[in-house]
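**Student:** Before I ask anything, here is the structure I am working with.
Nothing in this text is a laboratory measurement; each read-out follows from the coordinates by a stated rule. None of these values were measured; they are calculated from a predicted model. Cβ coordinates were reconstructed from backbone atoms using ideal geometry, including for glycine residues, and neighbour counts include every protein chain displayed.
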Ligand code: PEP
Ligand code: MG
């Protein structure tokens, strides 16, 4: 009889959990031909207590206790990974416990007991000889530990409260994970997993045939569901279809299914078998660096999860059940998915992938929640209801934070609330410098919630309305009627303040869910923005028509993105004129005036200002794109983020040229990239001559405070002197300048 069959009879035996645990150690010690088998269980306070042993002194049971991280057993619990040691005493963390008589043993194999992503204990076997345990033995012991997880989770061995209260010590250690800041801010809340993880409660099966039948049924349901998705995916892009096709292929993979069936025949339930085969594959693939293969592992993970959902069923969190303070954790997600959550309850977003320009990050910025991206391994370490701190200031997350971390967090939160109150006190004050220079401060928008921000901040207007955002959050391109009603709402809610509508900047990283972007190699420099809309003039004409109609006789501001040469603007402008004429012939009310602008995002345009400026009413620098192209440095790549500085002489000189040319041509100039929302950068921009900035709403307060403490004339003179020098960056010099003169940054 195999080990699993013998364990099965123990699991269903009419005995206390503690007796059953003891029987497990006996069976395992015999099966592995080991002198010792011990089981440690996690108690409140993150202590591992010896609960059962075959081979160690029985007096040590309930007496030997190790903190997580202490000793080899504690090291296994802390890492959540097996340790296979032929000489345990050589391990740097070996801790000697005289009561156990442990010094007699040399080799040791230990595996964590994990259930639902948590370490509930550790199981070890020991031998007197210097034995090397095989891969197969490690795997078998892991399977056994899965089964023990069920016993421990049952609540009989350790008080139910201890297993139920995740912050009470039974969970894994508090953890800090590094990521990158995609939106700053601080958030504290309970974890919600965006893709629910299936928790397996039954590991050992009574009847393998029944389990094989369950697997067959679940597989056929899953195939059906995948086929349905493929059928209805005709409107989806090629990439999405590819993924589904790959799933379909994997789902029929004989090797994968064969291994699952084998595990069932060995005595596991269908769900435990799927989980086990998946864990094995993942462990084997952990070292693989090849990105293509890594993606395939992710595909397999998704597939295993789908199959588990068919086997066990899973409840998605309903909106009412969403915790009042929620931190959402996901591998990645689309913008619409984030908007599905009740934003009043959202306190933060953690992504295992994601970059600053990913659309979900742009949406999260509008919702004003901290976002931490590239938090590798977050999903595997977090469980539902775990307490999480999303520290968007430092790009890190704290999982199950300890009391001192929580206390530090409360302090930072209080400090930032105090700061917010100071900004709020400035709401009705002008952004006017001490020497009387006024700077127009505007918000960047893309969601209806941004209009609330416009009112709250009392900004001068919307300096950049990203029209692609509402396009991204829909399942199809909105028609004229839908666009008119949306733009109308924005204009009305802006209540007389100017709104600059940027025409569709789709493509690149801002993929529309219903759009085929042909998998470009350099999407930021690819078929995006005006390149798309000039190739699909109908789309641009529909949008311009909608804007004209929505303006209902008021002034309209339209801006074209990613213009690289004047002819592109001329063609776009012609389409606008055609639409104005068309609307006029049809008897629609025309805007009282149409101001037409261009975004300066492609450096080539700097060398065409002579011919461009006479044709336009305003120019807005999109510094996010402009500097990524100027320095040839991907704006979404965290490895490059500190490499080139927007406050370096080449960057500032480029801006200086633009300021001067616009002044000569009397064209209104603004800047609407992220740079304008950072006080030090905003100070430099004002020192160069910028008088209009547009930024995310949360930046209005800090930038206004800076301006109100600044003497613009003095700064302009200082910057003129510094610009000619060959600094790497003016950052330090400008910071010192501000410090010496009491400018609040
Ligand atoms: C920019 O490029 O600076 C900009 C404001 O546009 P977006 O961030 O939407 O590309
Ligand atoms: Mg841009």
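**Student:** Could you work out the Rg to Rh ratio of the chain, with Rh taken as the Kirkwood radius (inverse of the mean 1/r over all Cα pairs)?
**Tutor:** 1.05
**Student:** Peptides 693-700, 626-633: what's the order by average Cβ count within 10 Å, highest mean first?
**Tutor:** The peptides rank, most packed first, as 693-700, 626-633.
**Student:** First measure r as the distance between the Cβ atoms of residue 592 and residue 385, then evaluate 1/(1 + (r/R0)^6) with R0 = 56 Å and state the FRET efficiency to the nearest 0.05.
**Tutor:** So the FRET efficiency works out to roughly 0.50.
**Student:** Classify the range 1-141 from the C-alpha gyration tensor, please: rounded if a/c falls under 1.5, else prolate or oblate depending on whether a/b exceeds b/c.
**Tutor:** rounded
**Student:** Cα axis of helix 480-494 to longest principal axis of the chain: angle in degrees, 0 to 90, nearest 10?
**Tutor:** 80 degrees
**Student:** Next up: Quick one: order 49, 664, 136 by neighbouring beta-carbon count within 10 Å, fewest to most.
**Tutor:** 136, 664, 49
**Student:** Follow-up question, since we're still on this one. Counting alpha carbon pairs within less than 8 Å and at least 6 residues apart, what relative contact order, in whole percent, applies to the chain?
**Tutor:** 10 percent
**Student:** Something else: Would you mind calculating the relative contact order of the range 605-745 from Cα pairs under 8 angstrom and at least 6 residues apart, reporting the percent as a whole number?
**Tutor:** Reported as a whole number, the value is 27 percent.
**Student:** Would you calculate a helix-derived [θ] at 222 nm for the chain, using -39,500 (n - 2.57) for each DSSP H run of n ≥ 4 and dividing by the full residue count, to the nearest 500?
**Tutor:** Computed ellipticity for the chain at 222 nm equals -13500 deg cm²/dmol.
**Student:** Between helix 403-424 and the chain, what is the angle of the helix's C-alpha long axis to the longest principal axis, kept within 0 to 90° and rounded to the nearest 10?
**Tutor:** Result, in degrees: 10.
**Student:** What full-extension length gain, to one decimal in nm, is calculated for residue 318 and residue 342 as 0.36 nm per residue of separation minus the Cα-Cα distance?
**Tutor:** 7.6 nm
**Student:** How big is the gap, in Å, between the Cα center of the range 391-425 and the Cα center of the range 72-148?
**Tutor:** Taking the Cα centre of each part, the range 391-425 and the range 72-148 sit 39 Å apart.
**Student:** Classify the range 73-141: rounded, prolate or oblate, from the alpha-carbon gyration tensor (a ≥ b ≥ c, eigenvalue square roots; a/c under 1.5 rounded; otherwise prolate if a/b is larger than b/c)?
**Tutor:** In terms of gyration-tensor shape, oblate.
**Student:** Need one word for the range 679-739: rounded, prolate or oblate. Basis is the Cα gyration tensor (sqrt eigenvalues a ≥ b ≥ c); a/c below 1.5 gives rounded, then a/b vs b/c decides.
**Tutor:** Here the range 679-739 falls in the prolate category.
**Student:** May I ask you to compute the full-extension gain from residue 536 to residue 411, defined as 0.36 nm times their residue separation minus their alpha-carbon distance, rounded to one decimal in nm?
**Tutor:** 39.7 nm is the gain from fully extending residue 536 to residue 411.
**Student:** Now, a different point. For each of 533, 281, count neighbouring Cβ atoms within 10 Å of the residue's Cβ, then give the residues from fewest to most.
**Tutor:** 281, 533
**Student:** Most exposed first by the Cβ proxy, i.e. fewest other Cβ within 10 Å, how do 666, 435 rank?
**Tutor:** 666, 435
**Student:** From Cα pairs below 8 angstrom and at least 6 apart in sequence, can you work out the relative contact order of the range 67-135, rounded to a whole percent?
**Tutor:** 32 percent
**Student:** Would you please put 51-59, 709-717, 680-688 in order of how densely packed they are, using the mean number of other Cβ atoms within 10 angstrom per residue and starting with the highest?
**Tutor:** Per-residue Cβ counts within 10 Å, averaged per peptide and sorted highest first, yield 680-688, 51-59, 709-717.
**Student:** Take each of the peptides 415-428, 215-228, average the number of other beta-carbon atoms within 10 Å over its residues, and list them starting from the highest.
**Tutor:** Sorting 415-428, 215-228 by mean packing, highest first, produces 215-228, 415-428.
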